[in-house]
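Below is one structure, written out as structure tokens; comments come after it.
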Amino acid sequence: DAAAEVRLSRLRWAVLLLFSSYSLCNAFQWIQYGSVNNVFMRFYGVSAFAIDWLSMSYMLIYIPLLFPVAWLLDKRGLRLIALAGSALNAVGAWVKLGSLKPHLFPVTVLGQVICGLAQVFILGMPSPIASVWFGSHEVSTACSIAVFGNQLGIAAGFLVPPVLIPNVEDVEQLAYHISIMFFMTAGVASALFILVIIVFKEKPPNPPSRAQALIQSGPTAEYSYMQSILRLLHNANFLLLMVSYGLNVGCFYALSTLLNRMVIHHYPGEEVNAGRIGLTIVLSGMVGALISGIWLDKTKTYKQTTLVVYIMSLVGMIVYTFTLSLGHLWVVFVTAGLLGFFMTGYLPLGFEFAAELTYPESEGTSSGLLNVSAQIFGIAFTIGQGQIMDCFGTRAGNLLLCSVLLLGTVMTAFIKADLRRQQANLKNE
């Protein structure tokens, strides 16, 4: 069968890099307000909760729109989804440029909502891109690199805004500094959209792996999207993974959104260092994610690796909770780095484990369900932890996240390692 000749395309790295780049730009826009929330509160004259909602809006929009977008991904393929994601990301960035006066907070909200729409077309893509473009020996690494872009964007979102936007009194000056950030973002987002139009292809000329060749040569007509979701929701192992993934990543979202508030509470005036601590969490997490991906490609020990990383996330969270108030910033840097290494390192593990448990279902659907779970828990934990912090202090808020991670660890222990994609590759080799 000539159609099923397995060959790797040179273009695959360009596609992966481009996806990672516009994913980075979108994630930067998610956290760009939260990392200097005190500055934006003063500029727009709104509450901390209103600024928290700028980051929660991303999570909220994702939940109802995931299903139509995942359906579109199955029906129309990767290229259309990539075009929509990068276009919306650029439009949202330009809309924000119209919000440079204190009374224009609603315009900034609109821009953020459009960027949140873009995110729906971005978050579920790492697994499908890795599967459609990469060979069976590099698929987990490719997925890690795709997740990497998003993490790097969050890192930039912690690092750049505190540097570009100093905490100055004068509103005119503040507007000028904010405009620099918004202009840079809009320029980058537009350039990336143009590159996607030129470079991003639907799929390589030849399937990159046996598992892909089987899917591509299989019957296409019988596939029903709703039935695929129902089959996933009847898969007990996948359900356990879906909830435990949501608990872990929901904690990460809450921590990222509220980090600036936590650090400034214990270390007043340290806005730039609060951003650097966020950066440390994400950068060490990216190292964790890359190591996880390479380790999975080498060992295929999905269940064991996921469980160990989960336990270490819990340990990291406990250590962070009890060292935050010691009064030594360097200690916070170390514990936050440890926490990030495992918590963010868990992201690609969850996607890849799900792809194994649910093969031959579409990876876009399984990773989409994981993301929905994460967004729902993310909103709940962000609001819950924010309220607890206001009433009982930061330690009580962090203890909420510790107890959540404990629950997730127990659930992960109950998942059976039913590795279907691996079996398909082995059978056909």
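The values are calculated or read from the model by the stated rules, or taken from the named source; none is laboratory data. These numbers were taken from a predicted model, which means no experiment stands behind them. Counting neighbours? That spans all protein chains shown, and the Cβs are built from the backbone with ideal geometry, glycine included. Protein only, heavy atoms only, side chains kept; ligands, DNA and RNA dropped before computing areas. Shrake-Rupley method; radii C 1.70, N 1.55, O 1.52, S 1.80 Å.
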P204: passes all of (1) touching a Gly at 6+ places or on another chain (Cβ under 9 Å); (2) surrounded by 17 or more Cβ atoms within 10 Å (Cβ to Cβ) but (1)
State whether one or more residues within the stretch 188-197 are of a type outside the set (K, R), under 30 Å from R421 (Cβ atoms) and in contact (Cβ under 8 Å) with a residue 12 or more places away in the chain. yes
Only one residue in G269, G293, G246 is outside the structural domain of G149 (by the TED database) and in contact with a Cys (Cβ under 8 Å, 6 or more places away or on another chain). Which one? G293
Please name all residue pairs, on different chains or six or more residues apart, with Cβ atoms under 9 Å, provided the first residue is in the stretch 46-74 and is without any contact (Cβ under 8 Å) to a residue 24 or more places away in the chain and over 19 Å from S35 (Cα atoms) and the second residue is in a helix (DSSP H, G or I) and of a type in the set (A, V, I, L, M, F, W, C). P68/V120; L72/L80; L72/I81; L72/A84
Going through the stretch 7-19 one residue at a time, which ones are assigned to a helix (DSSP H, G or I), more than 12 Å from S86 (Cβ to Cβ) and out of contact with any Pro (no Cβ under 8 Å at 6 or more places or on another chain)? W13, A14, V15, L16, L17
S217: of a type in the set (G, A, S) and surrounded by fewer than 17 Cβ atoms within 10 Å (Cβ to Cβ), yes or no? yes
Being aromatic (F, W, Y), open to solvent by less than 10 Å² (accessible area, probe 1.4 Å) and closer than 30 Å to S127 by Cα is the filter here, so list the residues in the stretch 316-350 that pass it. Y346
Residue list for the stretch 388-417, filter: small (G, A, S) and surrounded by fewer than 20 Cβ atoms within 10 Å (Cβ to Cβ): G393, A396, S403, A413, A417
What residue, among those in the stretch 30-51 that are in a helix (DSSP H, G or I) and within 17 Å of the chain's Cα centre (by Cα), is farthest from S224 (Cα to Cα)? S35
Any idea which of S292, S244, S313 is touching a Pro at 6+ places or on another chain (Cβ under 7 Å) and buried (at least 23 other Cβ atoms within 10 Å of the Cβ)? S292
Hits in the stretch 301-310 (condition: surrounded by fewer than 16 Cβ atoms within 10 Å (Cβ to Cβ) and not aliphatic (A, V, I, L, M)): T301, Q304
Output the residues belonging to the stretch 166-187 that are open to solvent by 80 Å² or more (accessible area, probe 1.4 Å) and either assigned to a helix (DSSP H, G or I) or not assigned by the TED database to the domain that holds F105 (or both). E172, Q173, Y176, F183, M184
Here is a check on your reading of the model: is T280 more than 17 Å from G337 (Cβ to Cβ) and either β-branched (V, I, T) or not assigned by the TED database to the domain that holds L339 (or both)? no
With in contact with a Lys or Arg (Cβ under 7 Å, 6 or more places away or on another chain) and under 30 Å from P205 (Cα atoms) as the only criterion, which of V132, V147 stands out? V132
So, in the stretch 20-50, exactly how many residues are under 14 Å from L152 (Cβ atoms) and in contact with a Phe, Trp or Tyr (Cβ under 8 Å, 6 or more places away or on another chain)? 4
Pick out the one residue from S86, S99 that is within 24 Å of L159 (Cα to Cα), open to solvent by less than 10 Å² (accessible area, probe 1.4 Å), not aromatic (F, W, Y) and not in a helix (DSSP H, G or I). S99
Answer yes or no as to whether V113 is touching a residue at least 24 places away in the same chain (Cβ under 8 Å), closer than 22 Å to A374 by Cβ and crowded, with 22+ Cβ neighbours inside 10 Å. no
Determine if the stretch 365-375 includes at least one residue that is open to solvent by 20 Å² or more (accessible area, probe 1.4 Å) and of a type outside the set (K, R). no
